[in-house]
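This report refers to the structure that appears directly beneath it.
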Amino acid sequence: MTATLPARADVVVIGGGVVGLATARELAGAGRDVVVLEQFALDHTRGGSHGDARVFAYVHPEPEWVPMAVESMRLWRELEAEAGERLLDDSGGLYATERASLLTPALTENGVAFELLSAAATAERFPVTLPAGKQAIWTPQAATIFADRALLALAASVRTRGGAIHERTPVTALRRTPGGPGRVELETAAGAIRAETVVVAAGGWAGPLLAQAGVELPLVTRRGTVAYFPFRAGERIPPPLFEEGSPSIYSATSPGHGLKLGESRIGPTVDPDAPWEPDAESAARLAQRVRERFPTAVPSDPHLEIGLFGNLPEPRFVLEEHDGVIAAAACEGRGFKFAPLTGARLAALATAPAVR
Ligand SMILES: Cc1cc2nc3c(=O)[nH]c(=O)nc-3n(C[C@H](O)[C@H](O)[C@H](O)COP(=O)(O)OP(=O)(O)OC[C@H]3O[C@@H](n4cnc5c(N)ncnc54)[C@H](O)[C@@H]3O)c2cc1C
């Protein structure tokens with residue numbers, strides 16, 4: 001039975017993806033009266049957080065993201081302990097690049113263990129074939145997040161801490177109110193609700209919602225095709241690989257479907273509600289990459305999936321407060337692993353004295 005929507009809450013979070021749930025968990029843990037509104041069921045597959053695998057990498061061209069990764073991993077481990085189940089597979093990870101010397105100082109500074117491997121040394125250790133000019137940075141602490149389990153664990157934690165999650169409750173209007181309790185009013189399919197603060201964690205749907213509250217951000221909604229290739233029976237499984245290139249590619253091992261492969265920051269801009277079809281050209285390029293890089297996977301008949309991205313054009317997070325309305329946009333390709341940290345930062349914004 002669906003619970004009735006309350007008339008008010010301290011904080012309403014729009015969006016039950018990984019960012020919204022991580023934010024609500026922090027807020028509920030801090031004793032705030034928090035309500036999450038999700039337009040679909042939590043386990044839907046139309047946004048950015050579905051699927052069974054996300055890579056937790058430490059290597060980044062942005063050096064300031066390395067200490068963030070260290071902190072975010074600590075928070076994932078806390079959630080794992082609270083959930084009493086494994087949410088991360090300690091797979092390690094490879095980052096293939098021609099500029100390793102620029103990327104490794106941030107790892108050293110932040111105590112992240114790594115090894116530099118030539119293409120030949122990589123092929124000796126792992127079923128991964130790199131071009132001769134590239135090196136791999138191997139980080140044994142990198143991991144694969146069991147994404148669907150992690151979402152369930154976050155939702156369970158929100159509820160255990162006293163937060164409410166209303167599924168199938170799309171927000172249809174968002175506006176500031178002239179006075180009285182609750183600075184922001186939301187209209188939903190289940191009635192109206194007022195809040196002191198609203199966190200818009202609506203992924204690819206965030207731009208128009210924020211605009212209703214007068215918050216204009218140059219968010220771009222894109223979709224990307226992900227292909228899953230089975231492994232050959234009895235063969236070795238490669239660790240996650242990110243390979244810089246045009247486009248860059250990322251891989252993970254999906255417990256359900258084999259080798260998961262996608263292209264980074266590529267794909268058409270879309271209306272998130274328009275019907276979706278996987279991109280056959282992207283799938284063909286991915287099959288070619290399997291032939292070139294992953295000898296233990298079968299490069300044909302992949303299972304295809306689509307993911308939705310709502311981001312700034314450049315690789316940057318949005319965590320901003322605008323007079324009671326907080327804008328959140330996870331950064332494509334990194335949004336999942338950083339979610340516990342992003343959630344903590346958004347919750348801090350929502351409860352800062354200047355905001356409340
Ligand atoms: C294919 C793919 C691979 C990725 N790989 C990685 C990876 O390996 N590592 C990594 O760290 N990150 C990765 N990412 C990025 C990461 O998964 C995303 O950044 C993250 O999941 C986005 O979460 P979100 O909560 O911001 O958005 P979403 O998960 O899209 O959640 C937004 C939610 O808001 C809801 N919503 C929208 N509008 C409304 C409304 N009006 N009312 C109510 N609800 C609404 C939506 O239904 C949705 O559930 C990947 C992303 C994709 C798509």
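Every residue, every condition in (1) modelled with pLDDT of 95 or more; (2) at negative phi; (3) among the charged types (D, E, K, R), yes or no:
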| residue | (1), (2), (3) |
| --- | --- |
| Arg86 | yes, yes, yes |
| Val112 | yes, yes, no |
| Ala156 | yes, yes, no |
| Gly162 | yes, no, no |
| Arg176 | no, yes, yes |
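Looking at the stretch 228-247, which of its residues are of a type outside the set (Phe, Trp, Tyr) and open to solvent by less than 20 Å² (accessible area, probe 1.4 Å)? Within the stretch 228-247, Pro238, Pro239, Pro240, Leu241, Glu243 meet the criteria.
Pull up the stretch 301-356, narrow it to residues that are of a type in the set (Asp, Glu) and closer than 18 Å to Ala211 by Cα, then point me to the one that is most open to solvent (accessible area, probe 1.4 Å).
Asp323
Across the stretch 189-207, the number of residues qualifying as buried (at least 23 other Cβ atoms within 10 Å of the Cβ) and closer than 12 Å to Val12 by Cβ comes to 8. Checking the structure you have, find out if any residue of the stretch 8-17 is open to solvent by 40 Å² or more (accessible area, probe 1.4 Å) and touching a helix residue (DSSP H, G or I) at 6+ places or on another chain (Cβ under 9 Å). For the stretch 8-17, residues open to solvent by 40 Å² or more (accessible area, probe 1.4 Å) and touching a helix residue (DSSP H, G or I) at 6+ places or on another chain (Cβ under 9 Å): absent.
Looking at Leu186, Leu174, Leu210, just one residue is within 12 Å of the ligand (Cβ to nearest atom), open to solvent by less than 30 Å² (accessible area, probe 1.4 Å) and assigned to a helix (DSSP H, G or I), and that residue is Leu210. For Pro295, state whether it is modelled with pLDDT of 90 or more, buried (at least 20 other Cβ atoms within 10 Å of the Cβ) and farther than 30 Å from Glu196 by Cα. Spelling it out, it is not the case that Pro295 is modelled with pLDDT of 90 or more, buried (at least 20 other Cβ atoms within 10 Å of the Cβ) and farther than 30 Å from Glu196 by Cα.
Considering only residues in the stretch 62-74 that are open to solvent by 20 Å² or more (accessible area, probe 1.4 Å) and within 17 Å of Ala330 (Cβ to Cβ), the one that is nearest to the ligand (Cβ to nearest atom) turns out to be Met68.
Here is a check on your reading of the model: is Gly180 at pLDDT below 95 and within 15 Å of the ligand (Cβ to nearest atom)? Walk me through it before giving the result.
Details: at pLDDT below 95: yes; within 15 Å of the ligand (Cβ to nearest atom): no.
Criteria not met by Gly180.
For the condition surrounded by 15 or more Cβ atoms within 10 Å (Cβ to Cβ) and part of a loop (DSSP other than H, G, I, E, B), Leu151 does not qualify. Entry remark, the stretch 284-337: residues being free of Cβ contacts under 8 Å to residues at least 24 places away in the same chain, under 13 Å from Arg265 (Cα atoms) and more than 13 Å from the ligand (Cβ to nearest atom) number 1 in total. Taking (1) within 17 Å of the chain's Cα centre (by Cα); (2) surrounded by fewer than 17 Cβ atoms within 10 Å (Cβ to Cβ); (3) assigned by TED's automatic domain parsing to the domain that holds Arg159 in turn, Arg77 satisfies each apart from (3).
Quick one: in the stretch 35-61, of everything that is more than 8 Å from the ligand (Cβ to nearest atom) and assigned to a strand (DSSP E or B), which residue is surrounded by the most Cβ atoms within 10 Å (Cβ to Cβ)? Among residues in the stretch 35-61 that are more than 8 Å from the ligand (Cβ to nearest atom) and assigned to a strand (DSSP E or B), the one surrounded by the most Cβ atoms within 10 Å (Cβ to Cβ) is Val36. In the stretch 217-275, counting only strands (runs of 3 or more DSSP E) that sit wholly within it, the ones holding 3 or more residues that are in contact with a helix residue (DSSP H, G or I) (Cβ under 9 Å, 6 or more places away or on another chain) and modelled with pLDDT under 95 span 220-229. Among the criteria (1) within 11 Å of the ligand (Cβ to nearest atom); (2) open to solvent by 50 Å² or more (accessible area, probe 1.4 Å), the one Pro218 does not fulfil is (1).
Against the conditions (1) within 30 Å of Pro255 (Cβ to Cβ); (2) within 13 Å of the ligand (Cβ to nearest atom); (3) in contact (Cβ under 8 Å) with a residue 40 or more places away in the chain, Ala344 satisfies every one except (2). Within the stretch 154-171, if we keep just the residues that are more than 14 Å from the ligand (Cβ to nearest atom) and of a type in the set (S, T, N, Q), the residue that is surrounded by the most Cβ atoms within 10 Å (Cβ to Cβ) turns out to be Ser157.
The values are calculated or read from the model by the stated rules, or taken from the named source; none is laboratory data. Just so we're clear, the structure is a prediction, and the values are computed from it rather than from any experiment. Using ideal geometry, Cβ is built from the backbone for each residue, glycine included, and neighbour counts are taken over all protein chains shown. The area values use the complete protein model at the heavy-atom level, side chains included, leaving out ligands, DNA and RNA. Shrake-Rupley method; radii C 1.70, N 1.55, O 1.52, S 1.80 Å.
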